[in-house]
Amino acid sequence: MNVCVVGLQWGDEGKGKVVDILAEHSDIVVRYGGGSNAGHTVVVGDSRFALHLLPSGAVRPNVACVIANAVVVDPEVLITEIDGLCQRNITLDGRLLISENAHVVLDYHKKEDLLREQSLGDKKIGTTVRGIGPCYADKVGRTYAVRMGDFRDLDELKAKLQVILDYKNRVFAAVYNASPIDGDEVFKKCGYYADRLLPFVVDTTEFLHKSIADGKSVLFEGAQGSLLDLDHGTFPYVTSSNSSSLGLPAGCGVPARMVDQYLGVVKAYTTRVGAGPFPTEQDNEIGQYIRDRGHEYGTTTGRPRRCGWFDAVAASYSATIGAIDAIALMHLDTLSGLKELRICTAYRIDGQDRTFFPANIARLAKAAPIYETVPGWDEDITEVTDFDRLPAKARDYVRRIEQTAGKPITIVSVGPRRDQTIIRG
Ligand code: GDP
Ligand code: IMO
Ligand code: MG
């Protein structure tokens, strides 16, 4: 069984927890897109892991971890992550595979990301400043791109970096009046990256196809969320990759029909980090209540997340484009104590009620959410492991989300730990 886990909102839905749980029965976990902009949290007992580039399967010692072609790899972050796990007695030796065709994020990408965001003032995207956009732009532009396989020939890489740095430094000076990046320094670091990472660099497409032919079960771990998808999200307030499940086939070379199940992950409410439209946002005491109880601060940047009501228009759009079979509903516990809850079931745009999410932000900006109000519950539900033992109002809320989002909810999460999970038949 090959399963894809993908976020249906604007990221941080709890994909790390779901992947960790499903990884128990998987041989391989694959990251197929994004980069160190991702922050996936796995909680095992009292230990908390925040993973940015390694698939969340990394914390389970017998799982092979693949970083596929369309991931943009920041070698510095990856090495820190590998060493961090090693210090906690988890080794990646012999079970980490990095695509030779994955593109590399280097210092000048991070600098460009920062300079561009700073220059935009209040028009900025609110990126994670991890160099993601500039690296993907270089990939599409081809001329100035560096891939993991390039670490195999350092002489050739040196010559390539000279051309790249010459160009980048001219842009930094002319456009941003900024200081240049020292090319020798970048090259020196690349030598270290090559030493540390080349043992893991392979043809991951071959590995995946051979493994699937051998009957291995593969778990595909989405990064970001479907509404941050470059082509299908709320452009330009998106990330620079196809972060919905549509990015899976192109991202790792495994066709969509070789995936048996697409599992969408949503929170019982909605969050967003960075700028961009968010129709159900509650920039008030309700949003603050959710932020406080759900610890809604970014795993990668620590920024407070914007919080709001569950948006069934947005979630059902993501479920539709993502071929979603079932949903994992996270953070139900966070809503305990709210008297009433709201679910957005349609948008009113130019006087008409719409249920198909307009990803075009000019139209989305006009959307007034139409809410259904349902009663909340007071009980602490963080130790409930059986759906029937949830308060009746919590069960009703789950069922209503299921109806409005249009897909069965098979997992309900009531806390960050593995055992705080309700599996529904
Ligand atoms: P991801 O990027 O989708 O993997 O999500 P993040 O790890 O960035 O954010 C999810 C946060 O919620 C993490 O701190 C998780 O430990 C935590 N979490 C996951 N599921 C639940 C849940 O059901 N309840 C609560 N209270 N926290 C959860
Ligand atoms: P995970 O995998 C939430 C957001 C940023 C910004 C936009 C563009 O943990 O769910 P980028 O650095 O990608 O150019 O930023 O995308 N963003 C995320 N928001 N979770 C993430 O990842 C995100 N990755 C990027 O906040 O709005
Ligand atoms: Mg996250």
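Taking H placed 1.01 Å from N in the peptide plane, check which residues at least 5 places from Val201 or on another chain put their amide H under 5 Å from its amide H.
The list, which skips near neighbours in sequence, is Ile98.
Could you give the dipole magnitude of the stretch 14-68 about its Cα centre, charging the beta-carbon of Lys and Arg +1 and that of Asp and Glu -1, in debye to the nearest 20?
Value, rounded to 20: 160 debye.
Taking every pair of alpha-carbon atoms in the stretch 163-264, what share in percent sits in each 5 Å bin, from 0 to the bin with the longest distance?
2, 10, 13, 11, 11, 15, 17, 10, 6, 3, 1, 0
With +1 on each Lys and Arg Cβ and -1 on each Asp and Glu Cβ, and nothing else charged, work out how big the dipole of the stretch 196-286 is about its Cα centre, in Debye to the nearest 20. All intermediate terms of the calculation are to be shown ahead of the outcome.
On the way: 6 positive and 10 negative charges, 50 e Å.
I would put it at about 240 debye.
In what order, largest first, do Thr80, Thr270 sit by accessible area if the probe radius is 1.4 Å? Could you put the intermediate results ahead of the total?
On the way: Thr80 95, Thr270 5 Å².
From most exposed to least exposed: Thr80, Thr270.
Under the rule of at least 5 residues apart or a separate chain, name every residue whose amide H is placed under 5 Å from the amide H of Ala326.
Placed amide hydrogens put Tyr262, Gly264 under 5 Å from Ala326.
Could you size up the charge dipole of the chain around its Cα centre, putting +1 on the beta carbon of Lys and Arg and -1 on that of Asp and Glu, and report it in debye to the nearest 20?
640
Would you list Lys123, Lys407, Lys393 from the most to the least accessible area, probe 1.4 Å?
Values: Lys123 140, Lys407 60, Lys393 100 Å².
If we order Lys123, Lys407, Lys393 from most to least accessible, we get Lys123, Lys393, Lys407.
What is the percent of Cα-Cα separations in the stretch 1-147 that go past 29 Å?
19
Ignoring everything but the protein chains, give the 1.4 Å probe accessible area of Val77 in square angstrom, nearest 10.
My reading of the accessible area for Val77 is about 40 Å².
Karplus couplings for the stretch 378-385 from phi (6.51 cos²θ - 1.76 cosθ + 1.60, θ = phi - 60°), rounded to Hz, Gly and Pro as x?
So the J values, rounded to whole Hz, are 9, 4, 6, 10, 6, 10, 7, 10.
With a sphere of radius 15 Å drawn around the Cβ of Gly376, what net charge do the other residues whose Cβ falls strictly inside it have (Lys, Arg +1; Asp, Glu -1)?
Residues near Gly376 contribute -1 overall.
In Å³ and rounded to a whole number, note down the convex hull volume per residue for the Cα atoms of the chain.
136
Checking understanding here: applying a Kyte-Doolittle mean of at least -1.0 and a length along the axis of at least 24 Å (C-alpha), which whole DSSP H helices in the chain pass?
Numbers: long enough: 154-176 (30 Å, 0.18).
Length and hydropathy pass: 154-176.
With a 1.4 Å probe and all protein chains kept in place, how do Arg291, Arg88, Arg257 rank by accessible area, largest first?
Reading off the accessible areas and sorting them downward yields Arg257, Arg88, Arg291.
Near Lys111, which lysines are there with a Cα under 24 Å away, not counting those fewer than 8 places off in the same chain?
Those lysines meeting the cut-off are Lys123, Lys124, Lys139, Lys158, Lys160, Lys168, Lys188, Lys189.
In whole Å, what are the Cα extents of the stretch 248-305 along the three principal axes, biggest one first?
45, 22, 22
Would you mind telling me which residue in Gln403, Gln118, Gln87 has the biggest mean-square fluctuation in a Gaussian network model of the chain, where springs connect alpha carbons within a distance under 10 angstrom?
Gln87
Ignoring ligands, DNA and RNA, what accessible area per residue does the chain give at 1.4 Å, in Å²?
Solvent-accessible surface per residue comes out at 42 Å².
Distance from the Cα centre of the stretch 108-169 to that of the stretch 318-368, in angstrom?
If you average the Cα positions of each part, the centres end up 35 Å apart.
Measuring from centroid to centroid over Cα atoms, what is the spacing of the stretch 1-70 and the stretch 189-220 in Å?
Each part's Cα centre sits 16 Å from the other's.
What's the percent breakdown of Cα-Cα distances in the stretch 61-109 across 10 Å bins, shortest bin first?
Distribution as computed: 24, 51, 23, 2 percent.
Over all distinct alpha-carbon pairs, what is the Kirkwood Rh of the stretch 272-344 in angstrom? Can you show the working numbers first?
Numbers: mean 1/r = 0.0739 Å⁻¹.
Kirkwood hydrodynamic radius for the stretch 272-344: 13.5 Å.
Measure off, as a whole percent, the carbon and sulfur share of the 1.4 Å-probe accessible area of the chain, all protein chains present.
For the chain, the apolar C and S fraction of the accessible surface comes to 49 percent.
In Å, what is the Rg of the alpha-carbon atoms in the stretch 353-425, and how long is Dmax?
15.8, 44
Run the 1.4 Å probe and let me know the accessible area of Val63, rounded to the nearest 10 Å².
0
Can you give the Rg to Rh ratio of the stretch 192-247, both from alpha-carbon atoms, with Rh computed by the Kirkwood formula?
Rg divided by Rh gives 1.14.
Accessible area of His40, 1.4 Å probe, to the nearest 10 Å²?
10
Towards the positive end of the charge dipole of the chain, with charges on Cβ (+1 Lys, Arg; -1 Asp, Glu), say which of Ala319, Cys344, Ile361 has the farthest Cα.
It is Ile361.
The values are calculated or read from the model by the stated rules, or taken from the named source; none is laboratory data. Keep in mind the model is a prediction, meaning the values are calculated, not measured. Ideal geometry is used to build each Cβ from the backbone, glycine not excepted, and the neighbour counts take in all protein chains shown. When the accessible area is computed, the model is the full protein with side chains, heavy atoms only, and any ligands, DNA or RNA have been set aside. Shrake-Rupley method; radii C 1.70, N 1.55, O 1.52, S 1.80 Å.
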